[in-house]
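Visitor: The structure is given below, and queries will be raised subsequently.
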Amino acid sequence: MLNDSEQKKDALVEMRHIYKTFGRGTSSEVALFSDFSLSVRHGSFVSIIGSNGSGKTTLLNILCGSIAQDSGNVIIDGKNINSLSEFRRSRYIGRVFQNPAAGTCPQLTVLENLALADNKGKSFGLGKGIHKSRMDFYRSQLELLKMGLENKLNIPVSSLSGGQRQALALLICTMTPLKLLILDEHTAALDPKSSETVMELTDRAVHEKGLTTLMVTHNLKYALRFGDRLLMLHRGKIILDASGTEKSAMEIHDLTSRFDKISLEDGA
């Protein structure tokens, strides 16, 4: 496990003293985060696991600006982004969701989706076509997916399989420069074969582009197999932080035993 100084050295992501309570003042009030802090170094690929209600999705939502923390600071690459909207954060934070439809425009063609992503943040219209050089670029990118999508440029995304759509969503998300890639259970809705394919594509994209990545997953095999750091959350706290040789030496039973211990402590 990295100590605090090692984690903060060259940090891209810092969450400092985060507090978040849901249902404040009601009978269902839940104080999820209480003085929560996290640092993630440039280029790190962090897998995040935890039971339902542990704070995994809330952590991602706070980073992306989908919800606001009650107090505390979110810092990306040395800049406090508390005041930035979700839309403005999306210019340098990419997020791939569990639902393949969330990262694409299903009614548009593969080509139109790629063109929109390619022109993210620019003044752009789908008017008179796309320059041949960009068409060749799109095909070359799709060929890397090894799913035959380079031959389906004019096919509506809604007619693709779940695996194809998620692979396309990943490509779209990482096509333009990013500071942070967020993977929000992005293989959970896929069949086992498609999940493996998308995870291999994910790992390759992360390493080839040097992306700092946070991946929430319920798949313990993927949590151990991919990434250089593993976090386990429980009730808004980090109860396991493993990296390097410590993470490499872990096996699935090490994680399931921790989940079993949590269940016993919670009286489940």
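The values are calculated or read from the model by the stated rules, or taken from the named source; none is laboratory data. This is a predicted model, so every value here is computed, not measured. We place every Cβ from the backbone using ideal geometry, glycine too, and count neighbours over all the protein chains shown. Heavy atoms of the whole protein, side chains included, go into the accessibility calculation; ligands, DNA and RNA do not. Shrake-Rupley method; radii C 1.70, N 1.55, O 1.52, S 1.80 Å.
Visitor: Could you list, in sequence order, the residues of the range 50-85 that are more than 21 Å from Ala11 (Cα to Cα) and either in contact with a Phe, Trp or Tyr (Cβ under 8 Å, 6 or more places away or on another chain) or not hydroxyl-bearing (Ser, Thr, Tyr) (or both)?
Guide: Result: Gly50, Ser51, Asn52, Gly53, Gly55, Ile67, Ala68, Asp70.
Visitor: Can you tell me which residues in the range 104-130 are open to solvent by 30 Å² or more (accessible area, probe 1.4 Å), at pLDDT 80 or above and not acidic (Asp, Glu)?
Guide: Within the range 104-130, Cys105, Pro106, Gln107, Leu108, Leu116 qualify.
Visitor: A follow-up question, please. Restricting to the range 131-166, give me the number of residues that are surrounded by 20 or more Cβ atoms within 10 Å (Cβ to Cβ) and either charged (D, E, K, R) or closer than 24 Å to Arg89 by Cβ (or both).
Guide: The qualifying residues number 2.
Visitor: Now a separate question. Here is a list: Ile182, Ile155. Which entry is at pLDDT 95 or above and over 22 Å from Cys64 (Cα atoms)?
Guide: Every option except Ile155 fails the conditions.
Visitor: Which members of the range 20-63 meet the condition of being hydroxyl-bearing (Ser, Thr, Tyr) and closer than 21 Å to Ile182 by Cβ?
Guide: Across the range 20-63, the qualifying residues are Ser37, Ser39, Ser44, Ser47, Ser51, Ser54, Thr57, Thr58.
Visitor: I need every pair where a residue in the range 80-105 that is over 17 Å from Ser158 (Cα atoms) has its Cβ under 7 Å from the Cβ of a residue that is modelled with pLDDT under 90 and open to solvent by 40 Å² or more (accessible area, probe 1.4 Å), sequence separation at least 6 or different chains.
Guide: Arg91/Gly121
Visitor: Scan the range 196-217 for residues that are surrounded by fewer than 21 Cβ atoms within 10 Å (Cβ to Cβ), of a type outside the set (A, V, I, L, M, F, W, C) and either over 14 Å from Val46 (Cα atoms) or touching a strand residue (DSSP E or B) at 6+ places or on another chain (Cβ under 7 Å) (or both) and report the count.
Guide: Qualifying residue count for the region: 6.
Visitor: Please report, ordered by residue number, the helices (runs of 4 or more DSSP H) entirely within the range 1-120 with at least 3 residues that are among the polar types (S, T, N, Q).
Guide: Counting at least 3 such residues, we get 56-64.
Visitor: Give the residue, chosen from Glu196, Glu200, Glu185, that is closer than 25 Å to Asn61 by Cβ and not β-branched (Val, Ile, Thr). Walk me through how you get there before you give the answer.
Guide: Values: Glu196 fails: closer than 25 Å to Asn61 by Cβ; Glu200 fails: closer than 25 Å to Asn61 by Cβ.
Criteria check complete, one pass: Glu185.
Visitor: In the range 59-96, which residues are open to solvent by less than 50 Å² (accessible area, probe 1.4 Å) and basic (Lys, Arg)?
Guide: Arg89, Arg95
Matching residues to (1) in contact (Cβ under 8 Å) with a residue 60 or more places away in the chain; (2) open to solvent by less than 20 Å² (accessible area, probe 1.4 Å); (3) not small (Gly, Ala, Ser):
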| position | (1), (2), (3) |
| --- | --- |
| Gly227 | yes, no, no |
| Leu230 | yes, yes, yes |
| Lys237 | yes, no, yes |
| Ala242 | yes, yes, no |
| Glu246 | yes, no, yes |
| Glu251 | no, no, yes |
| Leu255 | yes, yes, yes |
| Lys261 | no, no, yes |
| Asp266 | no, no, yes |
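Visitor: Give Leu153, Leu160, Leu142, Leu170 a once-over and let me know the one that is closer than 30 Å to His42 by Cβ and in contact (Cβ under 8 Å) with a residue 40 or more places away in the chain.
Guide: Leu170
Visitor: Output the qualifying pairs, or none if there are none: Cβ atoms under 6 angstrom, residues six or more apart or on different chains, first residue in the range 26-42 and farther than 12 Å from Gly236 by Cα and open to solvent by less than 70 Å² (accessible area, probe 1.4 Å), second residue in a strand (DSSP E or B) and of a type in the set (D, E, K, R).
Guide: Pairs found: Ser39/Glu14.
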